[in-house]
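Chemist: Below: one structure in C-alpha cells.
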Amino acid sequence: MNETIGSRIARFRKANGMTQEDLANKVFVTNKAVSKWEKGQSFPDIALFDPLAEALGVKEGSNE
C-alpha cells in the first residue's frame, strides 16, 4: 500500500482521537501546518519527526 506522509499523519492522529489542533499543540506548530501536511501541500520539517512520532504514538522500528 502506497501511503503518503500526510495520509499516515492523518490516520495516526485520528486513531489517537486527536484533532489537527491537538496535534499542532503537541508539536508546537499551527493547525494550518498540520492541515497542509495531511493534504500533501507541504511536509513537516525533519526536526519535527521525533516529536511527531512521539505525539502520534509511533514506535521506532514498527512497520507502520
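Chemist: Please identify every one of the chymotrypsin sites (Phe, Trp or Tyr not before Pro) in segment 2-64 that sits in a loop by DSSP and has no more than 10 other beta carbons within 10 Å of its own beta carbon.
Modeler: The qualifying sites are PHE28.
Chemist: Assigning unit charges at the beta carbon (Lys, Arg +1; Asp, Glu -1) and nothing else, what dipole magnitude in debye, to the nearest 20, does the chain show about its Cα centre?
Modeler: 240
Chemist: Pop out the ³J(HN,Hα) list for segment 15-26 in order, Karplus 6.51 cos²θ - 1.76 cosθ + 1.60 with θ = phi - 60°, rounded to Hz; leave Gly and Pro as x.
Modeler: Once rounded to whole Hz, the list reads 4, 8, x, 9, 8, 4, 4, 4, 5, 4, 5, 5.
Chemist: Could you please state how large a percent of the accessible area of the chain is carbon and sulfur, counting protein chains only and using a 1.4 Å probe?
Modeler: So the carbon and sulfur contribution to the accessible surface is 51 percent.
Chemist: So with the 1.4 Å probe, I'd like the accessible area per residue for the chain, rounded to whole Å².
Modeler: Heavy-atom SASA per residue in the chain reads 73 Å².
Chemist: Please work out how much length the chain gains when fully extended from THR19 to ASP50, using 0.36 nm per residue of separation minus the C-alpha to C-alpha distance, in nm with one decimal.
Modeler: 9.2 nm
Chemist: Take a quick pass over the chain and tell me how many lysine pairs come in under 19 angstrom between Cα atoms, counting only ones 8 or more apart or on separate chains.
Modeler: 7
Chemist: If you bin every alpha carbon distance in the chain into 5 Å steps from zero, what whole percent lands in each bin?
Modeler: Per 5 Å bin, starting at zero, the Cα-Cα P(r) for the chain comes out as 4, 19, 32, 31, 12, 3, 0 percent.
The values are calculated or read from the model by the stated rules, or taken from the named source; none is laboratory data. Note that the coordinates shown come from a computational prediction; the quantities given were computed from them, not determined experimentally. Glycine also receives a Cβ, built like all others from the backbone with ideal geometry; neighbour counts cover every protein chain displayed. In case anyone asks, the SASA skips ligands and DNA or RNA and just uses the protein heavy atoms, side chains included. Shrake-Rupley method; radii C 1.70, N 1.55, O 1.52, S 1.80 Å.
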